[in-house]
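Q: Here's a structure for you.
The values are calculated or read from the model by the stated rules, or taken from the named source; none is laboratory data. Keep in mind it's a predicted model, so treat the numbers as computed, not measured. Methodologically, a virtual Cβ is constructed for each residue, glycine included, from the backbone with ideal geometry; neighbour enumeration extends over all protein chains shown.
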């Protein structure tokens with residue numbers, strides 16, 4: 001079946017006309033019209049108010065809706081709908097995107113919209129919520145943009161359908177284009193302008209008002225460079241000057257970052273400010289990609305700790321063994337933590353896109369502001385003159401109010417009354433109509449006084465406005481003073497630091513820490529650290545907390561040391577993981593707790609450090625039940641933890657030390673005040689799994705409280721504290737005895753030893769004991785130093801009380 005045609009046939013008088021047009025001319029003409037539309041109506045800002053049409057329409061329509069800062073928020077969807085329906089002939093998405101940007105404090109140096117809700121995040125990592133959820137109103141800065149717009153200060157034009165009128169520019173009480181910057185891509189051109197500090201821009205504008213012939217150097221004394229909402233550091237001032245001189249230039253924006261101790265074990269780079277338009281997610285993603293491809297070394301972890309209270313905080317943990325300063329330089333080179341900003345100051349001047357320098361931008365704004373203030377003054381003077389005309393007529397009528405009333409009452413109608421008043425009092429038509437419309441209740445003596453006062457005020461205001469309009473100097477003073485008031489009320493301190501390229505030298509620090517000699521130290525309070533060199537702590541005259549070193553071994557920065565615990569375990573610890581003490585340090589206060597580096601059980605404690613050197617005489621170990629062992633220095637390199645003694649059930653290590661020569665004396669001290677001393681050569685070295693041999697003979701119920709090794713050639717002492725069981729738990733200080741080590745004779749291994757202290761009344765045993773080289777140091781549980789008595793030469797004498805309880809003892813490191 002044939003389909004019927006639905007086309008309407010042409011009328012009988014229709015004459016077909018076909019015009020031949022060259023396709024090149026048609027394409028050229030159409031494209032030029034499109035390009036002009038994009039340039040003028042969408043993509044480029046006006047140099048006077050610094051706004052694109054969509055931004056200008058949003059601000060104007062919000063002002064028309066009465067969405068002032070002192071009123072409540074309204075849904076953004078309502079604002080978008082009003083703008084789209086009345087002024088902007090485009091989709092709602094573009095309008096809402098522009099509205100969102102004007103509410104972002106990280107995009108605008110002086111936001112024009114006060115947003116309520118999720119308006120996105122830096123770098124658009126978190127997109128804004130839909131416009132049906134967010135709310136907005138005008139920011140105070142937007143009020144400045146529309147101030148006096150109803151006083152004939154700017155030109156208006158019909159909207160897209162001719163039913164509404166919209167401003168071609170806003171009055172703009174401050175240079176918005178320089179303050180908030182702009183970005184846009186048109187056909188064949190683009191604009192990219194950075195934000196600036198409001199107070200600095202206004203200061204330069206006021207200087208230009210006072211000195212119209214000022215050069216660029218004079219203006220740059222007020223505006224040294226951009227001031228970005230996100231802060232950061234601008235490196236390279238030559239590019240800024242090029243941009244200010246020619247309208248084009250490039251500079252680098254660098255993140256603000258510091259090196260801090262982010263954990264007890266690691267240093268890190270803390271980033272608090274990122275380059276303009278760069279978000280933390282972009283930086284994190286780039287770092288992870290570079291680490292995964294092995295193009296960036298030294299990064300252990302990256303955390304985004306940004307919150308509303310503290311602002312941006314990006315923590316980049318650095319692996320031990322790498323210099324954070326060198327890693328930071330790599331981050332600047334390889335990640336968006338340093339970005340280039342290309343300035344292209346393209347804006348519309350009289351409808352034409354021009355590339356403008358700093359002075360030209362300020363001149364266009366200042367000329368616009370002169371025109372706004374001049375038109376505003378003309379409008380206000382006309383309004384006041386009109387009002388004065390009415391007041392003068394009303395005062396004439398009040399002088400002879402009885403005659404006015406008689407004329408009105410004797411007239412046949414209002415037209416006759418109006419004409420008779422005009423003829424009798426020589427009034428104008430407007431004055432007469434105002435008199436006829438004025439209620440009789442206002443024609444009192446008090447109202448006459450008010451009218452005379454109003455007349456004087458109007459005459460003064462008209463004279464002032466006339467003075468401004470007739471004097472270019474007064475006009476300039478007025479514009480300058482209004483700008484100064486804006487800077488005073490809305491100016492904020494500079495956020496971005498300006499640095500010359502030569503002020504940021506590349507760090508001359510190698511990426512990895514070199515394998516230099518050092519010493520690893522263990523304090524009596526359980527802190528681990530390494531020195532910057534092979535020297536030990538500086539020993540000054542005045543003691544401080546955490547200055548007691550109970551174990552110290554030589555090492556290299558990229559080597560390992562062993563940690564021996566009371567459970568008979570040896571754990572490997574990389575030296576580079578340990579915090580480095582500053583040169584000349586006298587305490588381990590800058591160290592970290594040993595539990596940060598090795599996992600310890602509840603009752604397990606660290607006894608000593610080991611070099612893991614297989615050429616050494618090995619470790620000497622002593623247990624609570626009197627077992628002694630010398631460990632063969634055979635430590636597997638592929639294991640980080642292994643046993644060094646097979647302990648019996650219920651037994652624990654009470655002492656461990658690394659022998660230096662193998663000629664030392666091993667010393668046991670028990671809680672019943674017995675001391676046994678014999679050469680280390682009497683103990684045969686054993687393998688790691690072995691359980692040791694008998695070290696001291698113990699009576700029933702007695703236990704070892706101290707085991708150590710002492711060089712017999714050294715000047716050594718024995719320190720003991722006798723007391724009750726609660727002496728070290730705060731019940732008392734106990735009695736202390738300090739005796740030269742050579743007072744105790746050597747005995748054979750596995751014997752009972754000799755008495756080292758006699759107990760006083762109330763004392764039932766030793767609670768603390770130590771033997772080692774002098775000078776000996778003592779401290780409380782918190783590491784505070786304690787002064788010790790002079791040595792007592794009596795081997796088995798009783799002790800003397802101390803002012804403070806002693807918990808830790810140590811000799812020279």
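Q: With respect to residue 419, determine if the residue is over 25 Å from residue 379 (Cβ atoms), in the same structural domain as residue 380 (by TED's automatic domain parsing) and modelled with pLDDT of 90 or more.
A: For residue 419, the condition - over 25 Å from residue 379 (Cβ atoms), in the same structural domain as residue 380 (by TED's automatic domain parsing) and modelled with pLDDT of 90 or more - is met.
Q: When you scan region 755-795, how many residues do you find that are in contact (Cβ under 8 Å) with a residue 60 or more places away in the chain and more than 59 Å from the chain's Cα centre (by Cα)?
A: Residues meeting the conditions: 5.
Q: Identify the single condition in (1) assigned to a loop (DSSP other than H, G, I, E, B); (2) more than 36 Å from the chain's Cα centre (by Cα) that residue 582 does not satisfy, given that it satisfies every other one.
A: Residue 582 satisfies every listed condition except (2).
Q: In region 785-804, how many residues are assigned to a loop (DSSP other than H, G, I, E, B) and surrounded by 14 or more Cβ atoms within 10 Å (Cβ to Cβ)?
A: Result for region 785-804: 8.
Q: Working only within region 661-675, note down all residues that are modelled with pLDDT of 90 or more and either out of contact with any strand residue (DSSP E or B) (no Cβ under 8 Å at 6 or more places or on another chain) or not in a loop (DSSP other than H, G, I, E, B) (or both).
A: Passing the criteria: 665, 666, 667, 668, 669, 670, 674, 675.
Q: Which number in (1) under 30 Å from residue 209 (Cα atoms); (2) modelled with pLDDT under 90 marks the one condition that residue 398 misses?
A: (1)
Q: I'd like the residue in region 701-719 that is more than 19 Å from residue 653 (Cα to Cα) and either at pLDDT 90 or above or in contact with a strand residue (DSSP E or B) (Cβ under 8 Å, 6 or more places away or on another chain) (or both) and, out of all such residues, is surrounded by the fewest Cβ atoms within 10 Å (Cβ to Cβ).
A: Among those that are more than 19 Å from residue 653 (Cα to Cα) and either at pLDDT 90 or above or in contact with a strand residue (DSSP E or B) (Cβ under 8 Å, 6 or more places away or on another chain) (or both), it is 715.
Q: A follow-up question, please. With (1) closer than 30 Å to residue 575 by Cβ; (2) free of Cβ contacts under 8 Å to residues at least 40 places away in the same chain as the list, and residue 643 as the residue in question, which single condition is left unmet?
A: (2)
Q: Restricting to region 431-452, and then to whatever is surrounded by 12 or more Cβ atoms within 10 Å (Cβ to Cβ) and out of contact with any helix residue (DSSP H, G or I) (no Cβ under 8 Å at 6 or more places or on another chain), can you tell me which residue is nearest to residue 387 (Cα to Cα)?
A: Looking at the filtered set, the residue picked out is 450.
Q: Right, something else. Identify all residues within region 547-570 that are more than 39 Å from the chain's Cα centre (by Cα), assigned to a strand (DSSP E or B) and farther than 24 Å from residue 783 by Cα; write none if there are none.
A: 569, 570
Q: Name the single residue, out of those in region 54-72 being under 13 Å from residue 113 (Cβ atoms) and part of a loop (DSSP other than H, G, I, E, B), that is farthest from the chain's Cα centre (by Cα).
A: The residue in question is 65.
Q: While we're on this one: With respect to residue 576, determine if the residue is surrounded by 17 or more Cβ atoms within 10 Å (Cβ to Cβ), assigned by TED's automatic domain parsing to the domain that holds residue 600, assigned to a helix (DSSP H, G or I) and in contact (Cβ under 8 Å) with a residue 60 or more places away in the chain.
A: yes
Q: Of the numbered conditions (1) assigned to a strand (DSSP E or B); (2) at positive phi, residue 708 fails exactly one; give the number of that condition.
A: (2)
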